[in-house]
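Just below is one structure, and these are the notes that go with it.
The values are calculated or read from the model by the stated rules, or taken from the named source; none is laboratory data. Remember, predicted model here, so these are calculated numbers, not experimental data. Note: ideal-geometry Cβ built from the backbone for every residue, glycine included; neighbour counts use all protein chains shown.
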Amino acid sequence: MLEGCVPWPESFARAYRAGGYWNDELLGDLPLSPPGARDRTAVVTGDRTLTYGRLDEAADRLAAGLRGLGVRAGDRVVVQLPNDVEMVVLCLALFRLAALPVFALPAHRSAEITHLVNSSEAVAYVCADHVLDCDYRAVAKEVLGAAHTLRHVLVAGDAGPFTPLAEVAADPVDLPAPDPADVALFLLSGGTSGPPKLIPRTHADYTFQLRRSARLCGFGPGTRYLCALPMGHNFALACPGVLGTLRVGGTVVPAPAPTPESCFPLIERAGVTVTSLVPPLVPLWLDAAEWTEHDLDSLRLLQVGGARLSPATAREVPEGLGCTLQQVYGMAEGLLNYTRLDDPESVVFHTQGRPLAPADEIRVVREDGAEAAPGEEGELYTRGPYTVRGYFRAAERNRTQFTEDGFYRTGDLVRRTAAGYFEVVGRVNDVINRGGEKVPAQEVEEHLLADPRIASAALIALPHPQLGEQTCACVVPRDPGHPPTLREVRAGLRDRGIAPYKLPDRLEVVSRIPLTAVGKMDKKALRARFGD
Ligand code: J2J
């Protein structure tokens, strides 16, 4: 396994292979898997269609072109493309080349991209020219100034001073097949409180995840999956998502944004059968569906995950959108929980599902360290055939985030029903779940402290009707006579190049940050004071 990664112990690897969880499937072979699929549509957007045959060729040509640039097996490539044909082709090309995509989110800016490039020692960064108000070429310029391993910036669209992605193609070359047990891609942690950690996922564990997820969700050649959430996020990529759809010969329909305005016309035009959303989008979709002129009849299944969905909203989905609801409680580190398509409404509306695989091992651990009984609250620990044993090059973090016997400490507070279904009730780690987007409090606090007007700062979660949680920065000003405003603080953070979703929603000026008995910031006290 790649240096800097923690392998599964040999006895576990053997058991996962013997149990049929792991096999020799490779992610780069995915579009070849469905027999007789070459003329079928693999990807369709508002204005482009790609058959399986064409997708296969385009991936081979891009892999060869990247190799021509000097990108080699094992090299890391930070990928930040919008949902579109290029993103699908690029993923497959990198898998075939055995170069390792590091999937950034579209909202990431220079601070995050620089961190990803440096922590992965990436040789290339692939981005779009611009999306809405963000010019990614400007981001790339800043990143280049602060990253030492980066040799290539490849841009989809108008490349400016960089290399146009469209011109990186060459006649296919023979490429050696990677080892299925080795790393194929890196996802980003949403569950840890500092800057994002890199999560190495192998061919064997990831193909298992998407194969089994596709089966559980009833995906087949007739599936038309609308990719509304960012394709580089685990949920849309492989639960079963884009890769699961390609695995079974279905059609991927990338949407540029998850809004009803962007998605409803695509649902009608492409006959979309399934999509996935984060909870804050669901009321927007329900409202829009009531008045839309678009025909949404083809939609069979809506997956919702990333943050807690309220039972009241859940209840409206079957009638409001005319489809089955599935709750998904997942994490980029591995473990996936799904409600089943034939579960009774009480389960689908009130729980976040149960584990995908029989080999998923679960512990729910109470604060006092004892195992929680059914219905009792505790932190979820897990290990299994697609749950990593450690972050990339993060020995210190691994010691706290994983137990000695390899269980991942999720930081999620859950209750488990007698039937094994989870209800997610909160977090023990300091991560704020802003409607599915994870805001690591400590990372934002460090940026806040770089503001010369701020002496100390705590970022806390406060309840929000649509997002579930919003962020509130509690700051002690250096000059109490001239405290900064929310606008000024946000502008300062934006200048530091951090993702817009991490900018605080609220600001409270305090004379000091209360401390607990052990000297940590007492965020409970702050939440009680400002939580209305
Ligand atoms: C409550 N909290 C949830 C849910 C995730 C599928 C779906 C989501 C993710 C994801 C994912 C939740 N209810 N239904 O990777 O494959 C919170 C938990 C969890 C953290 C993981 C997938 N679904 N969460 O959101 O890695 O706190 O993955 O530990 O971004 O999101 O975040 P992330």
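Remarks
- Verdict on ASP532 being modelled with pLDDT of 95 or more, part of a loop (DSSP other than H, G, I, E, B) and not β-branched (Val, Ile, Thr): no
- Count of segment 447-467 residues which are outside any loop (DSSP other than H, G, I, E, B) and over 16 Å from LYS502 (Cβ atoms): 3
- Residue in segment 237-244 that is away from the ligand (no atom under 16 Å from the Cβ) and touching a Cys at 6+ places or on another chain (Cβ under 8 Å) present: no
- Here the condition is being assigned by TED's automatic domain parsing to the domain that holds GLY65, of a type in the set (Val, Ile, Thr) and under 30 Å from TYR381 (Cβ atoms); of ILE113, ILE199, it holds for ILE199 alone.
- Only residues that are out of contact with any helix residue (DSSP H, G or I) (no Cβ under 9 Å at 6 or more places or on another chain) and not in a helix (DSSP H, G or I) were counted in segment 240-272, giving 1.
- Among (1) within 12 Å of the ligand (Cβ to nearest atom); (2) in contact (Cβ under 8 Å) with a residue 60 or more places away in the chain; (3) of a type in the set (A, V, I, L, M, F, W, C) - the single one LEU380 does not satisfy: (2)
- Residues that are within 16 Å of the ligand (Cβ to nearest atom), in a helix (DSSP H, G or I) and not small (Gly, Ala, Ser) do occur in segment 291-313.
- Failed criterion for VAL388 (all others in (1) free of Cβ contacts under 8 Å to residues at least 60 places away in the same chain; (2) within 15 Å of the ligand (Cβ to nearest atom); (3) not basic (Lys, Arg) hold): (1)
- Entirely in segment 370-446, the strands (runs of 3 or more DSSP E) that have 1 or more residues that are loosely packed, with under 15 Cβ neighbours inside 10 Å: 422-427
- When LEU237, LEU229 are screened for being assigned to a helix (DSSP H, G or I), under 28 Å from CYS91 (Cα atoms) and modelled with pLDDT of 95 or more, only LEU237 passes.
- Where ALA159 falls short, out of the listed (1) under 20 Å from PRO82 (Cα atoms); (2) small (Gly, Ala, Ser); (3) in a helix (DSSP H, G or I): (3)
- Only one entry in THR275, THR245, THR292, THR259 is in the same structural domain as VAL44 (by TED's automatic domain parsing), farther than 30 Å from LEU92 by Cα and among the β-branched types (Val, Ile, Thr), namely THR292.
- When PHE407 is tested against the conditions (1) under 30 Å from GLY384 (Cα atoms); (2) in the same structural domain as LYS502 (by TED's automatic domain parsing), the lone failure is (2).
- Qualifying residue in segment 166-177 (condition: within 16 Å of the ligand (Cβ to nearest atom) and assigned by TED's automatic domain parsing to the domain that holds LEU325): no
- Residue within segment 353-368 that is in contact (Cβ under 8 Å) with a residue 40 or more places away in the chain, under 25 Å from the mean Cα position of the chain (by Cα) and more than 20 Å from GLY406 (Cα to Cα) present: yes
Yes/no per residue for (1) more than 19 Å from the chain's Cα centre (by Cα); (2) modelled with pLDDT of 95 or more; (3) not basic (Lys, Arg):
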{"position": "THR49", "(1), (2), (3)": "yes, yes, yes"}
{"position": "LEU62", "(1), (2), (3)": "yes, yes, yes"}
{"position": "LEU66", "(1), (2), (3)": "yes, yes, yes"}
{"position": "ARG72", "(1), (2), (3)": "yes, yes, no"}
{"position": "ARG76", "(1), (2), (3)": "no, yes, no"}
{"position": "ASN83", "(1), (2), (3)": "no, yes, yes"}
{"position": "GLU86", "(1), (2), (3)": "no, yes, yes"}
{"position": "LEU94", "(1), (2), (3)": "no, yes, yes"}
{"position": "VAL102", "(1), (2), (3)": "no, yes, yes"}
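Residue by residue, here is whether (1) closer than 30 Å to ARG487 by Cβ; (2) within 16 Å of the ligand (Cβ to nearest atom) holds:
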| position | (1), (2) |
| --- | --- |
| GLU404 | no, no |
| ASP412 | no, yes |
| LYS438 | yes, yes |
| ALA441 | yes, yes |
| HIS447 | yes, no |
| ASP451 | yes, no |
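- Residue in segment 327-355 that is surrounded by the fewest Cβ atoms within 10 Å (Cβ to Cβ), counting only those that are in contact with a Gly (Cβ under 8 Å, 6 or more places away or on another chain) and of a type in the set (A, V, I, L, M, F, W, C): LEU341
- Looking at GLN470, GLN442, GLN466, just one residue is more than 20 Å from PHE235 (Cα to Cα), out of contact with any helix residue (DSSP H, G or I) (no Cβ under 9 Å at 6 or more places or on another chain), at pLDDT below 95 and among the polar types (S, T, N, Q), and that residue is GLN442.
- Given (1) within 22 Å of LEU188 (Cα to Cα); (2) within 16 Å of the ligand (Cβ to nearest atom), number of the condition PRO256 does not satisfy: (2)
- Across segment 186-210, the qualifying residues are those that are β-branched (Val, Ile, Thr) and within 10 Å of the ligand (Cβ to nearest atom), and the one among them that is farthest from LEU336 (Cα to Cα) is THR192.
- Residue tally, condition more than 9 Å from the ligand (Cβ to nearest atom) and in a loop (DSSP other than H, G, I, E, B), over segment 314-348: 8
- Of the residues making up segment 202-226, just one is crowded, with 24+ Cβ neighbours inside 10 Å, touching a residue at least 60 places away in the same chain (Cβ under 8 Å) and in a strand (DSSP E or B), namely THR202.
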